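Asks: Take a look at the following structure, please.
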Amino acid sequence: MDPADIILLEEADSLRAAVESVFFAVLACPACGTLGLITLSQYLGTDPVICGSNRCSCRFRIDNKTRLIYLPVN
Ligand SMILES: [Zn+2]
């Protein structure tokens, strides 16, 4: 996966089976490429996404399922 790529779990049976149902997709951090799981509300832009890497503090929101809006780091 490249940074900012998103794979929907419903389109990937082997991943879907391996991941808790609360998660909706796998997303590669646009800044560092670390893979993280996101929920449906994050995918729809309701909740922000925070990179899971402890060497990266990237925060962003997914807009219209396609575009990333970067949020300021507090
Ligand atoms: Zn990151």
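The values are calculated or read from the model by the stated rules, or taken from the named source; none is laboratory data. Here the structure is a predicted model, which means the values were calculated and not measured. Cβ: placed from backbone, ideal geometry, glycine included. Neighbour counts: every protein chain shown.
Asks: When segment 33-55 is examined, which residues are found to be within 16 Å of the ligand (Cβ to nearest atom) and of a type in the set (Gly, Ala, Ser)?
Replies: Within segment 33-55, Gly33, Gly36, Gly52, Ser53 qualify.
Asks: Then there's this: Does Ser21 count as within 13 Å of the ligand (Cβ to nearest atom) and among the polar types (S, T, N, Q)?
Replies: Spelling it out, it is not the case that Ser21 is within 13 Å of the ligand (Cβ to nearest atom) and among the polar types (S, T, N, Q).
Asks: Looking at segment 32-67, which of its residues are modelled with pLDDT under 95 and under 14 Å from Asp5 (Cβ atoms)?
Replies: Within segment 32-67, Lys65, Thr66, Arg67 meet the criteria.
Asks: Shifting gears a bit: Among the candidates Ser21, Ser41, Ser14, single out the residue that is out of contact with any strand residue (DSSP E or B) (no Cβ under 8 Å at 6 or more places or on another chain), free of Cβ contacts under 8 Å to residues at least 40 places away in the same chain, assigned to a loop (DSSP other than H, G, I, E, B) and not charged (D, E, K, R).
Replies: None of the others qualify; the one that does is Ser21.
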